[in-house]
Amino acid sequence: MRSMGKMYVVVAVIAAIFTGIVIFLIYLDRKIKKLEDQINHHE
Amino acid sequence: MIKKHWWKALAVAIIFYTIFRGLLVPLKPGLINVQPPIVEAGNVVTFQVEGYNTNFLKEKDRLSAWLVRRDGKLAPASRIEATSERGLKLDFDIPASETGDPATDTVQLVIDNPTDGFFQTNISRKKSERLNGGAVWQEQSVELHQKKAFSYPFMDNVYESIRNLYFHVPMWIAMFILATAAAILSVMHLAGRNPKRDQQVLALSKMVMLFGILGLITGAIWARNTWGDYWSNDPKQVYTAIGLLIYGAYFVLRASFEDPEKKARIASVYNIFAFATLPALLYILPKLSPDSLHPGAGSNIAFGSQDLDNTMRTVFYPAIIGWTLMGVWMAQLLLRVQILKERLLDKDF
């Protein structure tokens with residue numbers, strides 16, 4: 001019943017926000033990787 | 001451990017709450033379609049009514065329907081048949097035209113039952129010479145029901161997507177709160193020249209950009225399904241995009257200086273400037289535009305009146321707090337990585 005009334009729009013919006021958080025995680029992941037590489041070089 | 005991190009748990013708990021409550025509370029019942037929208041006086045007419053979240057079949061013995069004239073006089077339905085929970089057939093013997101009636105005017109079709117409450121929709125009435133049926137407008141008062149259970153408002157065209165209010169709008173408000181914090185820290189940096197303040201501004205500004213871009217994307221998805229296009233050059237869409245571009249230039253400017261002190265100083269000054277443009281671009285200019293599709297602009301109905309009712313407030317305000325805390329948490333992670341990087345480059349940091 002609820003799926004008829006544009007519920008998919010809400011699902012799409014929540015998915016978009018989740019994608020944004022995933023992009024943040026990838027960005028952070030790469031930054032930490034760079035730090036690790038730098039530390040490993042120093043040793 | 002728990003003492004230091006409670007606010008992160010709070011952020012997650014609040015966002016969980018907004019997702020569950022935001023998705024599970026039903027919409028109020030409403031009418032999707034009523035045919036025909038135009039009737040002639042003095043005719044016998046059958047209305048085909050399509051409802052949404054309605055209980056017509058369950059309430060088939062307690063349904064009532066009237067046509068109501070502007071002066072409050074009404075004509076009851078001669079026969080009501082519930083074809084399904086969402087379908088109704090209403091027979092009306094519409095009273096004949098009276099001398100002095102305008103060529104066309106509007107009457108209201110009011111449908112009522114104890115479970116769903118009442119619905120009303122406008123019907124155009126044309127003047128005619130016909131005298132079928134012989135029904136007359138009656139002076140009569142009727143008792144209408146109100147839907148009691150927790151529910152969100154039913155808005156034509158928006159329907160279930162009204163729940164996006166809990167996800168799209170908090171992005172912008174959280175973005176603005178984080179931008180305010182960044183601007184305050186910029187002022188503190190200019191006053192005290194503490195390089196840590198500059199790093200905090202940088203981390204918060206990244207979150208401002210992320211929330212701003214998510215605000216634009218979620219808005220575009222919502223717009224596609226209510227206004228017809230992802231981008232319809234709505235004043236609010238255009239001005240917020242300009243605001244994000246101005247804010248985004250902060251990162252370009254910051255990257256274009258070598259000397260760390262000069263970099264931090266100029267970036268802080270620019271950050272304050274970019275923040276100063278936001279209230280105008282996000283709020284004042286779109287509100288002044290008469291042709292905005294957004295609620296609250298020009299003569300459009302604001303979220304403050306009927307769209308944002310008290311049930312919605314109990315989800316909407318927590319969502320703002322939840323996403324702001326989430327943004328602070330994410331900014332703090334960025335900050336910690338930035339500071340570690342500075343430490344590796346410069347042992348004195």
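Counting only residues that are of a type in the set (Gly, Ala, Ser) and within 14 Å of chain A (Cβ to nearest Cβ), which one in the stretch B:134-162 is nearest to residue B:28 (Cα to Cα)? I'd like the intermediate steps shown before the answer.
Start the filter on the stretch B:134-162 by keeping residues that are of a type in the set (Gly, Ala, Ser), which leaves B:134-135, B:141, B:149, B:151, B:161.
Within this subset, residues satisfying the condition of being within 14 Å of chain A (Cβ to nearest Cβ) are B:151, B:161.
Working: B:151: 5, B:161: 13 Å.
Step by step, filter the stretch B:134-162, then rank; the result is B:151.
Counting only residues that are modelled with pLDDT under 95 and more than 7 Å from chain B (Cβ to nearest Cβ), how many does the stretch A:2-26 have?
Residues flagged as modelled with pLDDT under 95 and more than 7 Å from chain B (Cβ to nearest Cβ) within the stretch A:2-26 amount to 4.
What number of residues within the stretch B:69-120 satisfy the criterion of being at pLDDT below 90, out of contact with any Lys or Arg (no Cβ under 8 Å at 6 or more places or on another chain), in a strand (DSSP E or B) and of a type in the set (Val, Ile, Thr)?
Summing the residues that are at pLDDT below 90, out of contact with any Lys or Arg (no Cβ under 8 Å at 6 or more places or on another chain), in a strand (DSSP E or B) and of a type in the set (Val, Ile, Thr) in the stretch B:69-120 gives 0.
Against the definition (part of a helix (DSSP H, G or I) and either closer than 19 Å to residue A:19 by Cα or at pLDDT 95 or above (or both)), how does residue B:254 come out, yes or no?
no
Out of all the residues in the stretch B:163-196, which are more than 10 Å from chain A (Cβ to nearest Cβ) and part of a loop (DSSP other than H, G, I, E, B)?
B:193, B:194
Hey, can you tell me all the residues within the stretch B:121-166 that are over 39 Å from the mean Cα position of the chain (by Cα), surrounded by 13 or more Cβ atoms within 10 Å (Cβ to Cβ) and modelled with pLDDT of 80 or more?
Hits for the stretch B:121-166 are B:127, B:128, B:137.
Which of the residues belonging to the stretch A:27-43 are facing chain B (nearest Cβ under 8 Å) and surrounded by fewer than 10 Cβ atoms within 10 Å (Cβ to Cβ)?
Once the filter is applied, which keeps residues that are facing chain B (nearest Cβ under 8 Å) and surrounded by fewer than 10 Cβ atoms within 10 Å (Cβ to Cβ), the stretch A:27-43 yields only A:42.
This table checks each residue for (1) at positive phi; (2) within 14 Å of chain A (Cβ to nearest Cβ); (3) crowded, with 18+ Cβ neighbours inside 10 Å.
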position: B:218; (1), (2), (3): no, yes, yes
position: B:224; (1), (2), (3): no, yes, no
position: B:230; (1), (2), (3): no, yes, no
position: B:233; (1), (2), (3): yes, no, no
position: B:243; (1), (2), (3): no, no, yes
position: B:247; (1), (2), (3): no, no, yes
position: B:260; (1), (2), (3): no, no, no
position: B:270; (1), (2), (3): no, no, yes
position: B:273; (1), (2), (3): no, no, no
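Given the conditions (1) away from chain A (no Cβ under 13 Å); (2) in contact (Cβ under 8 Å) with a residue 40 or more places away in the chain, report the number of the one that residue B:310 does not fulfil.
Exception for residue B:310: condition (2).
Within the stretch B:43-65, how many residues turn out to be more than 18 Å from residue B:79 (Cβ to Cβ) and touching a residue at least 60 places away in the same chain (Cβ under 8 Å)?
Qualifying residue count, the stretch B:43-65: 4.
Under 6 Å between Cβ atoms, which residue pairs at least 6 apart in sequence (or on different chains) link something in the stretch B:143-158 that is of a type outside the set (Gly, Ala, Ser) with a partner that is in a loop (DSSP other than H, G, I, E, B) and modelled with pLDDT under 85?
B:153/B:309
The values are calculated or read from the model by the stated rules, or taken from the named source; none is laboratory data. If you're wondering where the values come from, they're calculated on a predicted model, not measured in any experiment. Every residue, glycine among them, receives a Cβ derived from its backbone with ideal geometry; neighbour counts consider all protein chains shown.
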